[in-house]
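Below are the C-alpha cells for one structure; questions will follow.
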Amino acid sequence: MQVPAWVDREAFPFNVREVAGLSVVDEGQGPPIVFVHGTPTWSFEWRALIRAFSATHRCIAVDHLGFGLSPRPPDADYSPEAHARRFAAVIEALNLPRFTLVAHDFGGPISLDFALNRPERIERVVLINTIAWPFVDEPSLARAARMAGGWLFRWLYRNLNLSFLIAKSAWGKGPRPEKMWNQYTFMFPDPDSRERVLWALAKSLSASTPFFQSLWERHERFAKSPVHFIWGLRDAAFPPVVLERFRKAWPHATVDTLPDAGHWPHEEAPEACIDFLKQALKRPSSTP
C-alpha cells in the first residue's frame with residue numbers, strides 16, 4: 001500500500017499492506033503481538049511500542065475501517081460489531097495460530113469479541129484504558145452513553161469535532177503535543193466523515209448494548225488466561241472505577257498504573273508502557 005503524504009514518516013516509518021480490506025502494519029519477526037487501536041486514532045498510536053518490540057516480535061497493528069490508512073466506504077457499517085467482524089477476518093487472513101493481544105479504548109471490545117470466542121488462540125491479553133461491558137451499566141459513564149446517540153451529540157460530532165475535544169480532555173498531567181494530534185485530526189476534516197465513523201462509535205455506547213453485554217457474559221473464559229492491565233489513573237473517560245471492575249472480574253490479572261497519565265498511557269508515557277509490556281511478556285502464557 002502507498003502511504004499518503006500527510007503521514008509523519010519519521011514517526012511512523014513502518015511498511016503497511018492490505019489484509020482483508022484493511023491497512024495493517026506487519027513489522028519484525030518472532031512471537032506475534034497484535035495491537036488494536038480505539039477512537040479517534042489509528043495504528044499511529046502504537047508507533048513507540050512497535051519500534052521497541054519489532055526487533056524481537058512480529059508486531060501487527062490493524063487500522064479499523066474508516067480510520068488511518070484503511071478505506072472509508074460511505075455505505076459501510078461502522079458499529080463496533082462490524083469492526084469486530086472485520087478484525088476477526090484480518091486475524092484469520094494472517095493465519096495467526098496464537099498471539100499476544102494489546103488493545104486500547106474501543107480496540108478492547110472490538111478485539112475481545114474474537115479473543116473471548118477463541119481464548120485458545122490468545123497467549124496473553126494486555127488491556128489499556130478500555131471497557132468490556134455495557135456503558136449504560138457503568139454509573140460513571142451511563143449518562144454520557146445515553147446522550148451520545150442523540151441529535152445534540154450528532155451535531156457536536158459533525159460541527160465541533162467533539163470526538164477530539166473529548167480525547168484531549170482525557171489526557172493526563174503532561175503536555176499534549178500538537179504535532180501528534182495532527183496525525184489523528186487530519187483523517188476527519190469534514191462533518192460527514194466525523195458522523196459516519198466517529199459518531200457511529202459514540203452512539204454505540206447505548207445502541208450496541210447487546211454487543212457489549214455479550215462480551216461481559218463471556219468474561220469468565222479468561223478465568224485462567226494471562227491478563228495484564230496498563231492504566232492511566234487520570235483518565236476522565238475511563239476512570240479508575242472501570243479498572244476496579246475489571247480487577248474484581250479477573251482477580252488473577254496483573255496491573256501497572258500511571259498516576260499522572262490519562263486515557264493515552266502509551267502516548268503520554270511510552271517508555272513506562274514499553275517496560276510494563278516487557279514484563280508482561282516475560283510472564284507465562286496460556287496453554288493451548
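Checking the cross-link filter: which aspartates and glutamates have an alpha carbon closer than 12 Å to that of Lys282, excluding same-chain neighbours under 8 positions apart?
Partners found: Glu123.
Run the helix sum for the chain: -39,500 (n - 2.57) per DSSP H stretch of 4+ residues, divided by residue count, reported at 222 nm to the nearest 500 deg cm²/dmol.
Numbers: 12 runs with 113 residues, N = 288.
Result for the chain, helices only: -11500 deg cm²/dmol.
Mind putting together the pair-distance distribution for the range 1-84? All Cα pairs, 10 Å bins, whole percent per bin, short to long.
P(r) over the range 1-84, rounded to whole percents: 18, 52, 27, 4.
Could you tell me the largest-minus-smallest coordinate of the C-alpha atoms of the range 33-73 on each of the three principal axes, in descending order and whole angstroms?
Answer, in whole Å and largest first: 36, 15, 12 Å.
I'd like the carbon and sulfur percentage of the solvent accessible area for the chain, probe radius 1.4 Å, heavy atoms only, ligands and nucleic acids excluded.
Values: 6320 of 11780 Å².
Whole-percent figure for carbon plus sulfur exposure: 54.
Would you mind getting the accessible area per residue of the chain, heavy atoms of the protein chains only, 1.4 Å probe, in Å²? Show your work: numbers first, answer last.
Details: 11780 Å² over 288 residues.
Using a 1.4 Å probe on heavy atoms only, each residue of the chain averages 41 Å².
Around Ser285, what is the net charge, scoring Lys/Arg as +1 and Asp/Glu as -1 over all other residues with Cβ under 11 Å from its Cβ? Present the calculation step by step, with values, prior to reporting the outcome.
Details: positive: Arg98, Arg124, Lys282, Arg283; negative: Glu123.
Net local charge, Ser285 excluded: +3.
Further question: Only bridges whose two residues both fall in the chain count here: according to DSSP, what percent of them are antiparallel, nearest 5?
Details: 8 of 33 bridges.
Restricted to the chain, the bridges split so that about 25 percent are antiparallel.
Still on this model: Send over the semi-axes of the range 80-136's equivalent ellipsoid, whole angstrom and largest first, taken as the square roots of 5 times the C-alpha gyration tensor eigenvalues. Display every interim value, and only then the final one.
On the way: eigenvalues 68, 35, 16 Å².
The three semi-axes for the range 80-136 are 18, 13, 9 Å.
Give me the Kirkwood hydrodynamic radius of the chain, using the inverse of the mean 1/r over all pairs of distinct Cα atoms, in Å to one decimal. Show your work: numbers first, answer last.
Working: mean 1/r = 0.0531 Å⁻¹.
Mean inverse Cα-Cα distance, inverted, gives 18.8 Å.
For the range 152-183 and the range 195-269, compute the distance between their C-alpha centroids and round to whole Å.
19
Follow-up. Check cross-link reach from Lys248 to the aspartates and glutamates: straight Cα distance under 18 Å, and skip same-chain residues fewer than eight apart.
Asp137, Glu138, Glu217, Glu220, Asp256
Please list, or write none, the aspartates and glutamates whose alpha carbon is within less than 13 Å of the alpha carbon of Lys173, excluding same-chain residues fewer than 8 places away.
Asp235, Asp260, Glu267, Glu268
On to the next question. Can you tell me the relative contact order of the chain? Whole percent, Cα pairs under 8 Å, sequence separation 6 or more. Write out the running numbers ahead of the final one.
Working: 533 pairs, mean separation 56.2, N = 288.
It comes to 20 percent, rounded to a whole number.
Moving on. For the range 171-288, take the convex hull of the Cα atoms, compute a quarter of its surface area, and give me that in nm², please.
Numbers: hull surface 37.5 nm².
One quarter of the hull surface, i.e. the mean projection, equals 9.4 nm².
How long, wide and thick is the range 98-191, going by the Cα atoms along their three principal axes, in whole angstroms, largest first?
Taking the Cα atoms of the range 98-191, the three principal extents are 44, 33, 28 Å.
Looking at the P(r) of the range 15-131, how many percent of alpha-carbon pairs lie beyond 16 Å?
Values: 3706 of 6786 pairs.
Distances greater than 16 Å cover 55 percent of the Cα pairs.
The values are calculated or read from the model by the stated rules, or taken from the named source; none is laboratory data. Just so we're clear, the structure is a prediction, and the values are computed from it rather than from any experiment. Here the Cβ is made from the backbone with ideal geometry for all residues, glycine too, and neighbour counts use every protein chain on show. SASA here: full protein model, heavy atoms, side chains in, ligands and nucleic acids out. Shrake-Rupley method; radii C 1.70, N 1.55, O 1.52, S 1.80 Å.
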